[in-house]
Amino acid sequence: MTTARTRVAIIGAGPAGLLLSHLLEKAGIDSIVIDSRTREEIETTIRAGILEQGTVDVLEGSGASPSIRAKANKHDGIELRFAGQGHRIDFPSLTGRSVYLYPQHEVLKDLIEVRLVAGQDLRFGITAERVDGSDSDRPRVIATDAGGGALEIEADFVVGADGSRSVARPAVTGSSTGGYFREYPFAWFGILTEAPPSAEELIYSNSPDGFALISQRSPTVQRMYFQCDPDADPDALSESEIWEALQARVPGTTLVEGPIIKRDVLRFRSFVAHELRRGRVVLVGDAAHTVPPTGAKGMNLAVADVILLELALRALLLHNDESAIDAYADKALRRIWKAQHFSWWMTSMLHVAPNASDFDRLRQLGELRSVVESEAGRTYLAEAYTGWPIEL
Ligand code: PHB
């Protein structure tokens, strides 16, 4: 067995784990990041693409993604589409903020590059099995490398940034599932298509056939989703059936069709772990909470966790001051539950539940109208979508 020693052991080389390790290094605190996946897998998995302005500020300001503003696409609004009509929510006039379209795997490429250039200890193909000793001063990550060899990482602090199937979670909550959660009776059928954009901004559409989201990736590749059954088989539909389903859900807009180069079914749920910290082990990002994708909050919430946690770890590990780490969970949870509410709200307002009655459908249109026709309604949506300021 190999033993490694570091100040902060981070499980998971996703946005949360990599950004945390980057910020800690700038504060002079060394860390080891491990991930069971290969670098290529991490850099090519398709995820969502909307970054809050605050997320972009942190990625750019910390040098994690130094030219992100030049590479990302600034979006000043979204369209809510229902009853065949589009209604634009203009972010800058309502909140003074915008959002940026920059795919998560591009953020990951930037973060990995910067970590490796800095000579940081970042190890791929290492599978964490469990975390031991959360109540001690020397918590440990028990892991296995790609060749089956045992690795133990001993640290002052362990961070579970290992996603919704976190192996660190049992060390914090006592079980792998322990949390508050809600399932949804629908999922998203997602495609990547080689076509020019169908719209300049994202369209979130409610229609009698269900929800659709028209998003983008680049001038030549677009990302689109439509509501489907959680058990749908992504290969069961022909390309023309997919375009028909998408087009039916955005009445009033003509989609520009192209070859479909990727398709997937995304199941989702809302989840918040019962506890975010136990002793010297803490959970961040999807390990701590997952949100349905409708409000694009997932990665932004992970970044907000990391900003709070990095400050707390600095106080603890450099100044032996425990007050910020003691306050971490309560502080992070305030934003987490606001984002949970927003993601649940956008999801319920825009999707059509399989058992929806006529009352439910008409009430939903009333809800959408009350949002778009009221400056207060539009402002609430814009504030949440562009991201609340981080309370330190
Ligand atoms: C995406 O582009 O993948 C995307 C954008 C906005 C969302 C979810 C996904 O709310």
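Which of the following residues is surrounded by fewer than 23 Cβ atoms within 10 Å (Cβ to Cβ) and touching a residue at least 12 places away in the same chain (Cβ under 8 Å): His274, His289?
On the way: His289 fails: surrounded by fewer than 23 Cβ atoms within 10 Å (Cβ to Cβ).
Only one candidate passes the filter, namely His274.
Filtering the stretch 44-68 to residues that are in contact with an Asp or Glu (Cβ under 9 Å, 6 or more places away or on another chain) and open to solvent by 30 Å² or more (accessible area, probe 1.4 Å) leaves Ile46, Pro66, Ser67.
From the list Val221, Val159, Val172, the lone residue that is outside the structural domain of Gly12 (by TED's automatic domain parsing) and either in contact with a Gly (Cβ under 9 Å, 6 or more places away or on another chain) or in contact (Cβ under 8 Å) with a residue 40 or more places away in the chain (or both) is Val221. Every condition in (1) within 12 Å of the ligand (Cβ to nearest atom); (2) free of Cβ contacts under 8 Å to residues at least 12 places away in the same chain holds for Glu241 except the one numbered (1).
Residues of the stretch 353-383 being open to solvent by 20 Å² or more (accessible area, probe 1.4 Å) and of a type in the set (A, V, I, L, M), which ones? Break it down stepwise before answering.
Taking the stretch 353-383 and keeping what is open to solvent by 20 Å² or more (accessible area, probe 1.4 Å), we get 353-363, 365-367, 369-370, 373-376, 378-380, 383.
Within the stretch 353-383, Ala353, Ala356, Leu362, Leu365, Ala376 meet the criteria.
Being assigned by TED's automatic domain parsing to the domain that holds Leu283 and away from the ligand (no atom under 16 Å from the Cβ) is a property that does not hold for Ser207. Where helices (runs of 4 or more DSSP H) fall wholly inside the stretch 11-107, the ranges with 3 or more residues that are within 30 Å of Arg263 (Cα to Cα) and within 16 Å of the ligand (Cβ to nearest atom) are 53-61.
Results for (1) of a type in the set (Phe, Trp, Tyr); (2) modelled with pLDDT of 95 or more, shown as yes or no for each residue.
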{"site": "Arg140", "(1), (2)": "no, yes"}
{"site": "Gly148", "(1), (2)": "no, no"}
{"site": "Ala168", "(1), (2)": "no, yes"}
{"site": "Gly178", "(1), (2)": "no, no"}
{"site": "Phe186", "(1), (2)": "yes, yes"}
{"site": "Ser198", "(1), (2)": "no, yes"}
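Of the strands (runs of 3 or more DSSP E) that lie entirely inside the stretch 118-207, those containing 3 or more residues that are among the polar types (S, T, N, Q) and open to solvent by less than 10 Å² (accessible area, probe 1.4 Å) span 202-207.
The values are calculated or read from the model by the stated rules, or taken from the named source; none is laboratory data. Fair warning: this is a prediction, and the values are worked out from it, not measured in the lab. Neighbour counts run over all protein chains shown; Cβ positions are idealised from the backbone, glycine included. Just so you know, the surface numbers come from the protein's heavy atoms only, side chains and all, with ligands and any DNA or RNA stripped out. Shrake-Rupley method; radii C 1.70, N 1.55, O 1.52, S 1.80 Å.
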